[in-house]
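The values are calculated or read from the model by the stated rules, or taken from the named source; none is laboratory data. No experiment lies behind these values; they were computed from the predicted model shown. In this analysis, Cβ positions are derived from the backbone assuming ideal geometry, glycine residues included, and neighbour counts consider all displayed protein chains.
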Amino acid sequence: MEQENTFSDIASEPIVVRPTTSYADIMGYLHRIRITPEVKESVGRRLLAEVNEPYLAKTFSRLDHLSELKENWDGYGAEQISYSVLENLREVLLISENDDWRYWMISPAPNGTLSLQSKHHTASLSVGDDEFSYYSVKNDKEDWADHVKFTPSSFLEIMRRIV
């Protein structure tokens, strides 16, 4: 059987693709390729989510899908979702718990940002390249802010507070 050579998205050298059947195979592969410890940690976090954390896994998959949208994805001239917007949310996923994503839906916005809407009550967040905004009505009390500097921890804190 001839092996196919491909290029990895996270390694700078060609890799040989083989069927992976065990934990040892995966760990051996991760040790052979040249990636940073941070990337290894995020890969491990993603694999753990895929197996044990269904809400995180679904959110990772949703971001993967949204990253494939091209210009004019809505037929009305919408911008492609910004790479930094997608990375912002991926960073939040890496520090969040499975249940943090239980009540949130993620939608693309025509300006290249992402919007999160609560399934629980009136609450939404908008994620941009460097900033985010949010709006919530809970027990007849409004909570909102525009142009909040984005950090994964500040976003997660607000997300937890307004859900």
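Things worth noting here:
- Some residue of segment 81-88 being out of contact with any strand residue (DSSP E or B) (no Cβ under 9 Å at 6 or more places or on another chain), touching a residue at least 60 places away in the same chain (Cβ under 8 Å) and crowded, with 17+ Cβ neighbours inside 10 Å: no
- Conditions (1) among the small types (Gly, Ala, Ser); (2) in a helix (DSSP H, G or I); (3) in contact (Cβ under 8 Å) with a residue 24 or more places away in the chain; (4) under 30 Å from residue 147 (Cα atoms): number failed by residue 77: (2)
- The residues in segment 116-132 that are surrounded by fewer than 17 Cβ atoms within 10 Å (Cβ to Cβ), closer than 18 Å to residue 93 by Cβ and among the polar types (S, T, N, Q) can be counted, and the count is 1.
Residue-by-condition table, conditions (1) crowded, with 17+ Cβ neighbours inside 10 Å; (2) assigned to a strand (DSSP E or B); (3) in contact (Cβ under 8 Å) with a residue 40 or more places away in the chain:
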| position | (1), (2), (3) |
| --- | --- |
| 61 | no, no, no |
| 64 | no, no, no |
| 134 | yes, yes, no |
| 143 | no, yes, no |
| 159 | yes, no, yes |
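- Within segment 91-115, being part of a strand (DSSP E or B), crowded, with 19+ Cβ neighbours inside 10 Å and not aliphatic (A, V, I, L, M) holds for 104, 108.
- Restricting attention to segment 66-80, the residues that are over 15 Å from residue 115 (Cβ atoms) and surrounded by 14 or more Cβ atoms within 10 Å (Cβ to Cβ) add up to 2.
- Whichever residue in segment 104-132 is out of contact with any Phe, Trp or Tyr (no Cβ under 9 Å at 6 or more places or on another chain) and touching a residue at least 40 places away in the same chain (Cβ under 8 Å) and, among such residues, is farthest from residue 53 (Cα to Cα): 114
- Every residue from segment 39-60 that is within 13 Å of the chain's Cα centre (by Cα) and at pLDDT 80 or above: 55, 56, 57, 58, 59, 60
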